[in-house]
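Just so you know, all these numbers are worked out from the coordinates, no wet-lab data involved. From a predicted model like this one, the values you see are computed outputs, not experimental measurements. Methodologically, a virtual Cβ is constructed for each residue, glycine included, from the backbone with ideal geometry; neighbour enumeration extends over all protein chains shown.
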């Protein structure tokens with residue numbers, strides 16, 4: 001593969017970037033000033049830059065749908081841990097894990113929360129105020145051609161601030177936690193090299209946790225034959241038996257895994273067998289950043305109507321036609337990418353297997369269940385600062401958290 005030169009429009013003076021079109025190798029050489037800053041209307045935060053001249057792969061030109069990616073492969077899933085929150089008014093602040101020490105490390109802002117909580121709008125507003133760039137943390141927005149149903153930022157939104165890791169693989173390409181972690185660190189390093197603030201934003205809790213807590217995840221190739229065997233067992237009602245098999249290999253990991261999710265149980269077994277180690281032991285934690293995690297939340301009575309209204313807008317924008325185009329292009333609805341909300345339901349409509357009315361009702365039901373699961377996950381998130389989405393001045397409240405955490409000067 002060869003490299004081509006380009007200078008992104010958002011690059012600071014003195015920063016040269018090697019970027020690529022599809023099929024080219026991605027890379028970046030940062031040569032910025034040794035100290036950098038980001039601004040909001042009130043405070044300035046001074047931060048240490050990466051080593052001058054270091055090579056940071058993965059920094060693409062300002063392709064608003066995300067930089068292109070070549071050679072994507074491998075597969076990996078998840079592990080998790082839980083801490084108890086400390087409540088303070090309508091903000092819930094959680095204790096820093098014992099022994100963690102991120103002082104002197106570059107800052108990273110992470111914005112998470114359940115579906116339809118307003119993450120995209122907040123991330124863009126903060127990026128504009130703080131001189132930031134947004135790194136996608138949604139496991140389905142990485143796929144090309146799946147734009148409407150995954151609620152990707154619109155072209156107008158992506159034009160306001162640079163976005164990364166959006167639309168980087170085709171729906172039939174494997175995309176794993178291990179690959180995401182590697183690419184996210186590369187992009188974050190490039191953003192920091194430009195003297196800007198990386199803002200991780202999305203609703204995939206494991207992606208947020210892996211980056212903010214410093215998971216070191218191996219990229220273990222999928223064993224398709226073994227996986228097919230396990231999937232057949234799970235489909236025939238054998239998921240509890242698979243969970244018990246995993247428990248024998250990794251009792252610590254089972255305690256924190258979503259054991260009702262066959263895909264995650266199967267992947268944990270796959271990695272444990274392939275590496276000869278417990279799945280949880282393959283995910284070492286070494287935080288690279290001084291992370292501030294902001295989680296948006298609201299009661300189900302608030303989130304459910306918001307999600308329903310958003311689904312109506314998606315359908316009006318052509319969600320069903322988007323799914324039909326994917327099927328016509330030869331993509332199977334059995335692909336993991338189609339586990340995104342609504343895609344398999346609308347695929348049945350496209351094949352004439354059910355009415356659109358029945359499919360939409362099923363999407364509403366699965367969306368509500370998904371929001372419940374997201375809220376359960378995020379309630380256990382360490383180092384989290386929760387903001388109630390029903391309260392006014394969300395952006396100002398988020399900025400107040402940032403100032404309280406990082407102060408006027410950090411690094």
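Quick notes on this one:
- At q = 0.23, 0.26 Å⁻¹, base-10 log of I(q)/I(0) for segment 224-282 (Debye sum, equal scatterers on each alpha carbon): -0.84, -1.06
- Shown for 207, 215: other C-beta atoms within 10 Å of each C-beta, ranked fewest to most, produce the order 215, 207.
- For segment 199-237 and segment 277-310, distance of Cα centres in Å: 15
- Distance between the 7 Å Cα→Cβ label points at residue 159 and residue 255: 5.2 nm.
- Spin-label pair residue 332/residue 353, simplified geometry with 7 Å Cα→Cβ offset, distance in nm: 1.3
- For the pair residue 229 and residue 395, the difference between a 0.36 nm per residue extended length and the Cα-Cα distance amounts to 54.9 nm.
- Between residue 128 and residue 317, the FRET efficiency estimated from the beta carbon spacing at R0 = 30 angstrom works out to 0.75.
- Label-point separation, residue 379 to residue 172 (7 Å along Cα→Cβ), nm: 4.2
- Straightening the chain between residue 236 and residue 121 buys 37.2 nm, computed as 0.36 nm per residue apart minus the Cα-Cα spacing.
- Length gained on full extension, residue 275 to residue 300, computed as 0.36 nm times the residue gap minus the Cα-Cα distance: 4.9 nm.
- Ordering of 185-195, 346-356 by burial proxy (mean other Cβ atoms within 10 Å per residue, highest first): 185-195, 346-356
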